[in-house]
Structure formats: structure tokens, C-alpha cells
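The values are calculated or read from the model by the stated rules, or taken from the named source; none is laboratory data. Since we're looking at a predicted model, the values are computed, not measured. Here the Cβ is made from the backbone with ideal geometry for all residues, glycine too, and neighbour counts use every protein chain on show. Surface areas here come from the heavy atoms of the whole protein model, side chains and all, with no ligands, DNA or RNA. Shrake-Rupley method; radii C 1.70, N 1.55, O 1.52, S 1.80 Å.
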Amino acid sequence: PLVLIGRSEPGADHVNTDNAGAVERAARLFHALGRRRFGLVGARHATPSVVEREGAFRAAAEALDRPVVTARGVDSTYESGAEAAEAILEEPTLPDAVFCVNDLIALGFMDAIRRRGLRVPEDIAVIGFDDIPESAWDSYALTTFRQDPARMAAEAIGLLERRREFPRSSPVTIRVEAPLVLRRSCPAPLSS
């Protein structure tokens, strides 16, 4: 039996993060904060998860009638986040809220815009994805979505056990929620 985590192949069971649900929440948070111009920072060499996050963020922004400026670095790395920031900073109108497809990209993006004198979140609110340990560092305090590898592994083991018991059953896809971790880079809106 084959269970894929974070990937998709016909005929196999899958455990994936609910990327679409998470990035839709990111767009709604930006909107609730009154942010008007959204940015999306991705990677040209993207995994299926990154491609899904990019598409879902664009769709969520469009549903909220918000323009999206997109910039991509080569890979899903810190350096690529800084490279994408330079491209965004050349835009005639800067975004005031940026979703980065992963935390490493977000950290590079934040450092690059700070070197240009911009403040996070005052000038540009930033949200990442993954909740890597560095995202909690005080110098970043990155708002992000937490992936739970232990839960994903447990779900995959459950699917393997199910597949052994029912080898001819239809393929199953489980979507695991990625909870939002609010930090200073994009705080919660003030309740009225």
C-alpha cells in the first residue's frame, strides 16, 4: 500500500494539509485588518503544496476584490524570499499585506524589506506557512500556519492500516487543518 504525504498521485491514499482553507483564512485576516493591496511570494521551482497555496490565495483575494502582486524567488528558501522582496519593492504601488508560501521565504522577505526601511506589520503585514522554530524568534514574530507532522504521520499510518484491511477500497484523501499562529507580523484585528 502507498500513502503519500503532501503529494498527489492517482490511485494512492493521501494525507495533505488543508492549504486552501489556511490561505483563504490569511486573505480574510488581511481584509479584516483593512489591508487593501495584497502580495503573494512564492517559488518558481514549487512543490505541489506551494502551487496549491498560490492558487488558493489568488482565488481568495479575488473573492475579496483585492489586487495581488506576485513575486517568486527560485526556490522555497530564505534567499528566494529576499529576491522576491526586491521585485515587489520595484512595483509602483506596494502591497500592504503579503502572504509567503512558507516561513523561510517569509523570513527572507521580512529582512529584505526592513533593510529598505519598511516596518512589519505597520507598512506590510506578513503571514507565512509551516511554523518553523525561527518564525517564533522575537526578531521575526511571524504569523504563520502550523503544520503538525505528528498528526499527519498518524493519519498516514491509519490509512495504511485501513488499506491492509480493505485493499480494494477507493483511494482516500485526508486534509489536515493548519491552525493559524498569530504573532506580531500580522496581528488579529481589534474587536469592536
- Note on the structure: Rounded to the nearest 0.05, FRET efficiency between ALA87 and LEU118 (Cβ-Cβ, R0 22 Å) equals 0.95
- Cα→Cβ-extended label distance, 7 Å offset, between ASP148 and ARG162, nm: 1.7 nm
- Ignoring ligands, DNA and RNA, what percent of the 1.4 Å accessible area of the chain is carbon and sulfur? 52 percent
- 11 Å beta-carbon shell around ARG25, net charge (K/R +1, D/E -1): -2
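Where does segment 1-59 land on the Kirkwood hydrodynamic radius, alpha-carbon pairs, in angstrom? Each step should come with its number before you reach the end.
Working: mean 1/r = 0.0772 Å⁻¹.
Radius from the Kirkwood sum: 13.0 Å.
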- Net charge of neighbours whose Cβ lies under 13 Å from the Cβ of ALA82, counting Lys and Arg as +1 and Asp and Glu as -1: -1
- Under 12 Å, Cβ to Cβ, from ILE157 - net charge with Lys/Arg +1 and Asp/Glu -1: +1
- Message: I'd like to know which of LEU94, LEU64, ALA156 lies farthest towards the positive end of the charge dipole of segment 52-169, counting +1 on Cβ of Lys and Arg and -1 on Cβ of Asp and Glu.
- Response: ALA156
- Note on the structure: Per the helix-only model, the chain has a calculated mean residue ellipticity at 222 nm (DSSP H runs of ≥4, -39500 (n - 2.57) each, divided over all residues, rounded to the nearest 500) of -12000 deg cm²/dmol
- Taking the Cβ-Cβ separation of SER170 and ALA136 as r and a Förster radius of 30 Å, what is the calculated FRET efficiency to the nearest 0.05? 0.15
- Could you calculate, for segment 79-150, the ratio of the Cα radius of gyration to the Kirkwood radius, expressed as Rg to Rh? 0.97
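Counting only heavy atoms of protein chains, what accessible area per residue, in Å², does the chain have with a probe of 1.4 Å?
Numbers: 9570 Å² over 192 residues.
Normalised by residue count, the accessible surface of the chain is 50 Å².
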- Query: Which of the helices in the chain meet the span-like rule: DSSP H, Cα axial reach of 15 Å or more, Kyte-Doolittle mean at least -0.5?
  - Reply: 19-32, 48-63, 78-89, 103-115
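Please state the relative contact order of the chain as a whole percent: Cα pairs under 8 Å, 6+ residues apart? Let's see the in-between values first.
On the way: 388 pairs, mean separation 49.1, N = 192.
Result for the chain is 26 percent.
If eta is 1.567 mPa s and T is 4 °C, what Stokes-Einstein diffusion coefficient results for the chain, Kirkwood Rh from Cα pairs, in µm²/s? Let's see the in-between values first.
Values: Rh = 17.1 Å.
For the chosen part, D equals 76 µm²/s.
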